[in-house]
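Data first, discussion second: the structure below is written as structure tokens.
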Amino acid sequence: MNFLQSPLSPVVTLLSILAMGLALLAIYLKDLLAASVAAGFISLVASIIFLYLQAPDVAMTEAAIGAGITTVVFIIAVRKTERYEK
Amino acid sequence: MKIVGEIFLIIGSLFLFLSALGLLRMPDVYNRMQAGTKGTTFGAFFSILGVMAMRPEWFLKGLSIIIFILLTNPLSSHALLRATHRLGVPLAKKAIDAYAEDKEKGIVEK
Amino acid sequence: MRLLLSTLVLFLLWMMFVASLDPQEIVTGLFVAFFTSLITGSVIAGKEPLKWLSPKRWFYFFLFALYFIKELTLANLDVAYRVIHPRLPINPGIVRVKTKLKTPIAKLVLANSITMTPGTITVDVHGDTLYIHWIDVKGKDVETATKNIVEGFEKYLEVIFE
Amino acid sequence: MNSLPLWLEITVGVFIGLATLMAVWRIIRGPTLSDRVVGLDAATTITMVLLVMIGFFSNRYIYLDVSLVYGVLAFLGVVAIARYFEGGV
């Protein structure tokens, strides 16, 4: 149990690799709205990691900011500018 | 009580798995949404019911999560499907589409 | 009357979220529920608050909940069968159905329930017509679809909300 | 406290992990944007269950609050994207 909740446990490593892959996807996508969907998923994975490392307050803040506010702000920004990257 | 909770946990996670499989296999957005909405709602319902059966002192909070999922999951799928149809994403095969017909006739605004 | 009812509903919701009987929580909850219902009371309680008190409606609500859980289970067995089957036996399409319900909240509950029944999902509501995506279309005309999809729920919802 | 047998923990973990991976695959591959949002919506519900499970295994009541807050805000995000499609926001 102690090993499974250290910062180097296999679960945390796998989740971090997943978050990195999605971050790369968010960089290479040309459709900016799809990139913001991928960024929303990154905050979801980060929230799971924080909760797994026993920090529920950080996880709650991450969920609030990453899932709610960031997606809405990105969408408003895309609406003001343009949707596809050149 | 513990046995019941374990069985509920297995049923719930199995249905979560099946709905994600449906998300992978179905041919178009509308059918994917069918599998995604129904399966995840049912899976979450049974998993949280299983947790509630094993920890009776968590009953109220689990009940509020279940009610919340039952209310919001259909709502978001409904909003998303309506917006998708408005974007003009076609149905899978040669399927009948009464909604598009009524849009052509002008009964529903585009 | 309306104020009292919405305060009570909001206070019960608050107690469900905090789930403790500490006097501090109860006093805070009463204050918050009262001031919230000053602003939004008419939205929560509706036009006729006496509807909330009739036991017949609550009994039918209980029956509706049982029927809903049964339909939800059937829906998921149906989805599981279609997903596991190697050839994906689907025949999708969007059909119209008509409903007899009038009030907006009844239509909302009907649309949400249809989303959870076997193989159907609501796409749009327009007046008394609902547009429904059906995974296995059995008949194109309005009567067959209405008979298959809506009628099971309508007889409960008519008593509860109308 | 009553804890689960190991095989059951592994079974539940494998099922939920595979479900998350398939939703991620739908987010990566989806031909249209709607497919990606459907994947995000399903992944949100799966993650809510996963957060409740982590709370159950480590026996902390406060973890259920994180799940509830996450559900509320992710629902808001999906509805905001749907409003964008219809021309609103």
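The values are calculated or read from the model by the stated rules, or taken from the named source; none is laboratory data. This one's a predicted model, so the numbers in the text were calculated from it and none came from an experiment. No Cβ is skipped: glycine too gets one built from the backbone with ideal geometry, and neighbour counts run over all protein chains shown. Keep in mind that these areas ignore ligands, DNA and RNA; they rest on the heavy atoms of the full protein, side chains included. Shrake-Rupley method; radii C 1.70, N 1.55, O 1.52, S 1.80 Å.
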Top positive-direction residue, dipole computed over chain D with Cβ charges, set D:PHE75, D:SER34, D:VAL14: D:SER34
Cut-off under 5 Å, modelled amide H: who pairs with C:HIS126 long-range: C:TYR131
Nearest 100 Å², what total accessible surface is buried between chain B and chain D (probe 1.4 Å)? 4300 Å²
From Cα coordinates alone, what are the radius of gyration and Dmax values for the protein assembly as shown in angstrom? 22.0, 66
Restricting things to alpha carbons, find the Rg to Rh ratio for segment C:59-161 using the Kirkwood radius for Rh. 0.98
Mean residue ellipticity (222 nm) of chain A, computed from DSSP H runs ≥ 4 via -39,500 (n - 2.57), nearest 500: -22000 deg cm²/dmol
Looking at A:ILE76, C:VAL137, C:LEU66, which one has the Cα that reaches farthest to the positive end of the dipole of the protein assembly as shown (charges on Cβ: Lys, Arg +1; Asp, Glu -1)? C:VAL137
Spread of Cα-to-Cα distances over 5 Å intervals beginning at zero, given as percent, for segment D:1-77: 3, 15, 21, 20, 19, 11, 7, 3, 1, 0
Kyte-Doolittle mean at least -1.0 and Cα axial length at least 20 Å: DSSP H helices in chain C: C:2-18, C:23-45, C:55-84
Computed ³J(HN,Hα) along segment B:33-40: with the Karplus parameters 6.51/-1.76/1.60, θ = phi - 60°, integer Hz and x for glycine or proline, the list is 5, 4, 5, x, 5, 5, x, 5
At a threshold of 8 angstrom on Cα-Cα distance, excluding pairs fewer than six apart, so keeping six or more, what relative contact order does segment D:6-85 reach in percent? 22 percent
Net dipole in debye of chain C [+1 Lys, Arg Cβ; -1 Asp, Glu Cβ; about Cα centre; nearest 20]: 360 debye
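At 222 nm, what value in deg cm²/dmol follows for chain C if DSSP H runs of at least 4 each add -39500 (n - 2.57) and the sum is divided by all its residues, to the nearest 500?
Calculated mean residue ellipticity at 222 nm is -21000 deg cm²/dmol.
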proj_area_mean for chain A (convex hull on C-alpha atoms), units nm², value 5.6 nm²
D:ARG60 long-range amide H proximity, modeled H, under 5 Å: none
Span per principal axis, largest first, for the Cα atoms of segment C:1-129 (Å): 60, 35, 27
Between C:THR99 and residues 5 or more places away or on another chain, which pairs have amide H atoms under 5 Å apart, with H built 1.01 Å from N, and which residues are they? C:LEU130
Once both labels are modelled 7 Å past Cα along the beta-carbon direction, what's the C:ILE105-C:LYS147 spacing in nm? 3.3 nm
222 nm [θ] for chain D, helices only, -39500 (n - 2.57) per DSSP H run of 4+, per residue, to 500? -29000 deg cm²/dmol
Using the 2.2 N^0.38 Å rule of thumb for compact globular proteins, work out how segment D:34-80 stacks up: its C-alpha Rg over that value, please. 1.24
How large is the charge dipole for chain A, taken about the Cα centre, if only the Cβ atoms of Lys, Arg (+1) and Asp, Glu (-1) carry charge, to the nearest 20 debye? 300 debye
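Between C:HIS126 and C:VAL27, what length in nm is gained on full extension when 0.36 nm per residue of separation is reduced by their alpha carbon distance?
Once the chain is fully extended between C:HIS126 and C:VAL27, it gains 31.2 nm.
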With +1 on the Cβ of every Lys and Arg and -1 on the Cβ of every Asp and Glu, the dipole magnitude of the protein assembly as shown about its Cα centre, in debye rounded to the nearest 20, is 820 debye
Above 21 angstrom, tally the Cα pairs of segment B:24-92 and express them as a % of all pairs, no decimals. 39 percent
